[in-house]
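**Q** This structure is in structure tokens; I'll ask about it shortly.
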Amino acid sequence: MHTPWRDLPAGARVVVRRRLDATEAARARAEGRGAVWTDIIGVVLAVDDEGLSLRTDAPRDPSPREVSVAAGEIEAVKRIGPRPARRAPRRPR
């Protein structure tokens, strides 16, 4: 179930589907990727009429960064659970 983005509390972990702008869409097409949307996994920092501020929190993102998603770019938002804990490395038998 999708959550109305204006109702998200700070600290919630979410996935936001946002519409690419024309320049981003052209670049995505040239690189052979999808050309309409992209998803951002992050933790909500702030919500206002302008959109969302997030700290990225994707498993493969080595250095989180702060991003803003404008209200007009937001297609869908879904709350997701906390990031899974890292597993201990396997020991040889």
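**Q** Identify the residue in segment 1-19 that is among the aliphatic types (A, V, I, L, M) and not in a loop (DSSP other than H, G, I, E, B) and, among all such residues, is surrounded by the fewest Cβ atoms within 10 Å (Cβ to Cβ).
**A** Result: VAL15.
**Q** Oh, and also: If ASP7 satisfies all but one of (1) under 25 Å from PRO62 (Cβ atoms); (2) at pLDDT 90 or above, what's the number of the condition it fails?
**A** (1)
**Q** Taking the condition of being more than 19 Å from PRO84 (Cβ to Cβ) and either at pLDDT 90 or above or in a helix (DSSP H, G or I) (or both), how many residues in segment 20-43 meet it?
**A** So the answer is 9.
**Q** Looking only at segment 72-82, count every residue that is under 14 Å from ILE40 (Cα atoms) and more than 10 Å from the chain's Cα centre (by Cα) and tell me the total.
**A** Selection size over segment 72-82: 6.
**Q** OK, next. If we keep just the residues of segment 34-85 that are within 16 Å of ALA10 (Cα to Cα) and of a type in the set (Ser, Thr, Tyr), which is surrounded by the fewest Cβ atoms within 10 Å (Cβ to Cβ)?
**A** Out of the qualifying residues, it is SER68.
**Q** Sticking with this structure for a sec: Mind listing just one residue for me: the one in segment 10-27 that is of a type in the set (D, E, K, R) and free of Cβ contacts under 8 Å to residues at least 60 places away in the same chain and, of those, nearest to GLU66 (Cα to Cα)?
**A** ARG18
The values are calculated or read from the model by the stated rules, or taken from the named source; none is laboratory data. Just so it is clear, the structure is predicted and the values come from calculations on it, not from any experiment. Note that each Cβ is placed from the backbone with ideal geometry, even for glycine, and that neighbours are counted across all protein chains shown.
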